[in-house]
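Chemist: Structure provided below as structure tokens; questions to follow.
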Amino acid sequence: MPVNSPKPFFINRRNALGALSLGSLSLFAPWRSAGATPAAWRQIEAQARGQTVYFNAWGGAPTINAFIQWASAEVKAQFGVTVKHVKIADAADMVKRVRNEKSAGKTDGTVDLVWINGENFLTMKRENLLFGPFAEQLPSYAWVDTQGKPTTRIDFSEPVDGMEAPWGMAQLTFMTDSNRTAQPPRSTAELLAFAAKHPGRISYPRPPDFHGTTFLKQLLLDLNSGTDRAALYQSVTPQAFEKSTAVLWRTLDALHPSLWRGGKHFPHTAAALRQMFSDGELILAMTFNPNEAANEIAAKRLAPSTLSYQFTSGTVGNTHFLAIPFNSRAAQGAQVFANFLLSPAAQAKKADIAVWGDPTVLAVDRLPAAQRAFFSAQALLGQVRQSAPTLPEPHGSWVEPLEKEWTLRYGG
């Protein structure tokens, strides 16, 4: 069932500055009865000291790279763990590397920690390519909002089972300029009517771009209900795929003639789509970060009149995670780094739109006052004014056939 997504929080810089002088971030969280004991965690920290962690993470955004660099420096200073950011373009390449290492019997792997979710996690879990379970033994996990944000334990309909630690939240969000668009579309039916009224002014990224595929999943969920939607949360079968997607293809057939360039061409990325929106060529854009418009307004790349919103009935949302391969050479160091990234101070800094603007996985209202003060609920220009329910991702096995069928029908 969909859950209401809470308002994002942002860092309170003045209070957060003091957090970095508190020493070990183990102090930030109480110990869970099911997690590691204080003695066991101290042993992990001791074993981690002197280790080098090769962190494979997307390297396509300077703001994210800078945050990882900051976190790496903190963990080096506080715990004696060296973190090397291995910048990758696609986590699927990392999955292939780890799979090949397993096939070759290589126990000293080249990957110690990876930023992952979705079908890549599904593959690694099912092929026994992961270390763990470890996530719920991290001290900082005590503050994860597993109730209000159930996708922290479910990754594209696959139970996490402690094999990856939640790092940040995401939800499909649309952007428009309130000075140009008074009533943006808030459902698939409204989008069809809106596109017909504004021919050539709307588009979406070309699948298999992540945002383009997410848009397809959004329509698929919006167009299916009841038992038909339930099928999307099970492993895909040819019969289920044909039945559930029939309405999607009919809808896209009706939508595409009203799109930019008649639906014959598509922007290749969400960034390209956003630039076309900023230039006034398009009147809608989309993102998977509810805070992106606030980031872009602050950076003066989008107009202050930019409005972020979500479909009234909900939009696709998920959690992105940190996982440790089975043959990590620095599993203890990887756990220490993951624990730091889950700490209130690091989560608050990551949520700061001046740093990254990635929504926190923590239950901020449950934090002790000193840690809750790192966050501020102040509304910002461009921020989603009223969050819609989060629709959990369909099962990860739907992604590949969905992209292949879209390419067959519209990719020419």
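The values are calculated or read from the model by the stated rules, or taken from the named source; none is laboratory data. Source: prediction; values computed, not measured. Glycine gets a Cβ as well: all are built from the backbone with ideal geometry, and neighbour counts include every protein chain shown.
Chemist: Report, by residue number, each residue of the range 103-116 that is in contact (Cβ under 8 Å) with a residue 12 or more places away in the chain and at positive phi.
Modeler: If the condition is that a residue be in contact (Cβ under 8 Å) with a residue 12 or more places away in the chain and at positive phi, then no residue fits.
Chemist: Among N327, N339, which is surrounded by fewer than 22 Cβ atoms within 10 Å (Cβ to Cβ), at pLDDT 95 or above, out of contact with any strand residue (DSSP E or B) (no Cβ under 6 Å at 6 or more places or on another chain) and under 16 Å from F55 (Cβ atoms)?
Modeler: N327
Chemist: If V98 meets every condition in (1) modelled with pLDDT of 95 or more; (2) among the hydrophobic types (A, V, I, L, M, F, W, C); (3) in contact with an Asp or Glu (Cβ under 6 Å, 6 or more places away or on another chain) apart from one, which number is that one?
Modeler: Against the list (1) modelled with pLDDT of 95 or more; (2) among the hydrophobic types (A, V, I, L, M, F, W, C); (3) in contact with an Asp or Glu (Cβ under 6 Å, 6 or more places away or on another chain), V98 comes up short only on (3).
Chemist: For the range 95-153, which positions are among the polar types (S, T, N, Q) and either outside the structural domain of S328 (by TED's automatic domain parsing) or closer than 16 Å to I324 by Cβ (or both)?
Modeler: Residues satisfying the conditions are T107, T110, N117, N120, T123, N128, Q137, S140.
Chemist: Next question, about the same structure. Which of the residues that make up the range 128-150 are under 13 Å from A165 (Cβ atoms), among the polar types (S, T, N, Q) and over 20 Å from the mean Cα position of the chain (by Cα)?
Modeler: Passing the criteria: only Q137.
Chemist: Among helices (runs of 4 or more DSSP H) lying entirely in the range 168-254, which contain 3 or more residues that are without any contact (Cβ under 8 Å) to a residue 12 or more places away in the chain and more than 19 Å from P394 (Cα to Cα)?
Modeler: Ranges flagged: 188-197.
Chemist: Of these, A92, A73, A77, which one is assigned to a helix (DSSP H, G or I) and at pLDDT below 95?
Modeler: Exactly one residue qualifies, and that residue is A92.
Chemist: Can I ask one more? Return yes or no: is A285 closer than 17 Å to Q383 by Cα, crowded, with 24+ Cβ neighbours inside 10 Å and at pLDDT below 95?
Modeler: no
Chemist: Is one or more of the residues making up the range 301-315 under 14 Å from the mean Cα position of the chain (by Cα) and crowded, with 24+ Cβ neighbours inside 10 Å?
Modeler: Looking through the range 301-315, at least one residue is under 14 Å from the mean Cα position of the chain (by Cα) and crowded, with 24+ Cβ neighbours inside 10 Å.
Chemist: In addition: Of the numbered conditions (1) under 16 Å from T176 (Cβ atoms); (2) in contact with a Ser or Thr (Cβ under 9 Å, 6 or more places away or on another chain), P304 fails exactly one; give the number of that condition.
Modeler: P304 satisfies every listed condition except (2).
Chemist: Any chance you could count how many residues in the range 364-412 are loosely packed, with under 13 Cβ neighbours inside 10 Å, of a type in the set (D, E, K, R) and part of a loop (DSSP other than H, G, I, E, B)?
Modeler: Summing the residues that are loosely packed, with under 13 Cβ neighbours inside 10 Å, of a type in the set (D, E, K, R) and part of a loop (DSSP other than H, G, I, E, B) in the range 364-412 gives 1.
Chemist: Report, by residue number, each residue of the range 145-167 that is of a type in the set (A, V, I, L, M, F, W, C) and either in contact with a Leu (Cβ under 6 Å, 6 or more places away or on another chain) or in a helix (DSSP H, G or I) (or both).
Modeler: Passing the criteria: M163, A165, W167.
Chemist: Y141 versus (1) surrounded by fewer than 23 Cβ atoms within 10 Å (Cβ to Cβ); (2) modelled with pLDDT of 95 or more: which is the lone unmet condition?
Modeler: (1)
Chemist: Continuing with this model, one more query. Taking the condition surrounded by 17 or more Cβ atoms within 10 Å (Cβ to Cβ) and either within 15 Å of the chain's Cα centre (by Cα) or assigned to a helix (DSSP H, G or I) (or both), does N100 pass?
Modeler: no
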